[in-house]
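Just so you know, all these numbers are worked out from the coordinates, no wet-lab data involved. Every value quoted in this text rests on a predicted model; they were computed, and no experiment measured them. When we count neighbours, we look across all protein chains shown, and the Cβ atoms used for this are built from the backbone with ideal geometry, even at glycine.
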Amino acid sequence: MATVVLDPFYREIEDVLGQIVGRDLRIESIHPVSGGCIHQGSCILLSDHSKFFIKQNQLNDDRIFEAEANGLRELAKTNTVSVPSPVVTGVWRDQAYLVMEWIESQSVVSKMAQIQCSQNLGRALAGLHHYRGAVVFGLDFDNFIGSSIQKNQPTAAWQDFFMQHRLEFQLRLADQNGYRDVVAMGRRTLTRIQSLLRTGAQPSLLHGDLWSGNVLTGVDGHPVFIDPAPYWGDREAEFGILTLFGGFDSVFFDAYQERLPLEEGFAERLPVYQLYHYLNHLNLFGSAYAGAVRSLLAGLE
């Protein structure tokens, strides 16, 4: 195989991976991988035929990748869902990066296989949510939802955690970004929103950013969760982003509910959890999401 001419960044990555595995390895190929809108992703093939996935950006700050690596480790601790194992994070010159295990995935074509994969996903998510490992809400480190910081200060009451560290935090960002009418609507609605939140919720570990693009289907038909923004929260909050853009069918929901039924009033509370993610999209991507935020707030008034 012809020697690949590497730019200085990938020569650095080649050296780092060689030190980790304890052998002198070469990068044989680098292939871009489509997916996220914030980071650049690539598949690296080494001379021993092992593969790694690398994410990089020019933020020159590896906190976002260190938080992602720690989030993957948190999910892995539960032994309920599959995630790629993080290998190393770092910053080289103007490039922050995260290298992790490469996951072989598949595109599911047949109807029967789609049904089985949806059932596997619903059961896996229910298993994650059923896991118990915390007595308070939050997490012992902050992370990121997209490129927005997500504060996770441990808090005893779910209502206090969600209102302060999710909605009010995003409203402060919206105020800084100039969406004053949205902020005014939001502040008028906060008391109503808080009254909707469950008082008896138990802390479940959430993926935190579970839209369809953050689930791979492994070659065995079971889901692999990627790009998490986890914290301990009311499991209903998971469905805020999950229901926002589609991609999850009724088979998935039926499988989830068969194992862990959603409680009465869930449909009334769901817009509250969608609101958090719409606010975050407004703050990340701009006014295209302002109408959706206003519509949700109007429905909650």
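Taking amide H as placed 1.01 Å from N in the peptide plane, the amide H of S29 sits under 5 Å from that of L45, each at least 5 places away or on another chain.
Is it possible to state the helix-based mean residue ellipticity at 222 nm for the chain, with each DSSP H run of 4+ residues giving -39500 (n - 2.57), the sum divided by total residues, to the nearest 500 deg cm²/dmol? What is it? Don't jump to the answer; show the numbers that get you there.
Numbers: 10 runs with 125 residues, N = 301.
Counting only the DSSP helices, I get -13000 deg cm²/dmol.
Exposure proxy ranking for H165, H277, based on other Cβ atoms within 10 angstrom of each Cβ and starting from the fewest, stands as H165, H277. What is the range 44-159 by shape, rounded, prolate or oblate, if you read a ≥ b ≥ c off the alpha carbon gyration tensor as root eigenvalues and call it rounded for a/c under 1.5, prolate for a/b larger than b/c, and oblate otherwise? Here the range 44-159 falls in the oblate category.
Note on L262 and K77: the model spin-label points, each 7 Å out from Cα along the C-beta direction, lie 2.8 nm apart. Each residue of the range 290-301 is assigned a 3J(HN,Hα), and the resulting list reads 5, x, 5, 5, 4, 5, 5, 5, 4, x, 9, 5 Hz, derived from the Karplus form 6.51 cos²θ - 1.76 cosθ + 1.60 (θ = phi - 60°), x at Gly and Pro.
Using the Karplus relation 6.51 cos²θ - 1.76 cosθ + 1.60 with θ = phi - 60°, the per-residue 3J(HN,Hα) values for the range 81-97 come to 9, 9, 9, x, 7, x, 10, 7, 10, x, 10, 10, 6, 9, 10, 8, 8 Hz, with x marking Gly and Pro. Across the cross-link table entries K51/K151; K51/K77; K77/K111, which are compared at the Cα atoms, the separations over 29 Å belong to K51/K151; K77/K111. For the range 184-189, 3J(HN,Hα) computed residue by residue from phi via the Karplus equation (6.51, -1.76, 1.60; θ = phi - 60°) reads 4, 4, x, 5, 5, 9 Hz, glycine and proline entered as x.
For the range 8-101, what does the relative contact order come out to in percent, with C-alpha contacts under 8 Å and a separation of six or more?
On the way: 150 pairs, mean separation 21.8, N = 94.
Once normalised by length, the contact order is 23 percent.
On a C-alpha basis, how far is the centre of the range 72-116 from the centre of the range 120-190 in Å? Whole number, if you could? Using only Cα atoms, the two centres lie 23 Å from each other. Between 0 and 90 degrees, the angle of helix 250-259 with respect to the longest Cα principal axis of the chain falls at about 80 degrees. For Rg/Rh (Cα atoms, Kirkwood Rh), the listed values are (i) 0.96; (ii) 0.99; (iii) 1.17; which was obtained by calculation from the structure presented? Here Rg/Rh (Cα atoms, Kirkwood Rh) agrees with entry (ii).
Each part gets one Cα centre, and for the range 10-45 versus the range 244-287 those centres are 35 Å apart.
So, counting K/R as plus one and D/E as minus one, what does the shell of residues with Cβ under 11 Å around E301 add up to?
Details: positive: R188, R192, R294; negative: none.
Residues near E301 contribute +3 overall.
For the range 8-101, what class follows from the C-alpha gyration tensor (a ≥ b ≥ c being the square roots of its eigenvalues): rounded when a/c is under 1.5, otherwise prolate if a/b is larger than b/c, else oblate? It is oblate, given that a/c is not under 1.5 and a/b is not larger than b/c.
Mean projected area of the convex hull spanned by the Cα atoms of the range 247-301, taken over all viewing directions: 4.8 nm².
Its relative contact order, with pairs defined as Cα atoms under 8 Å and 6+ residues apart, puts the chain at 17 percent.
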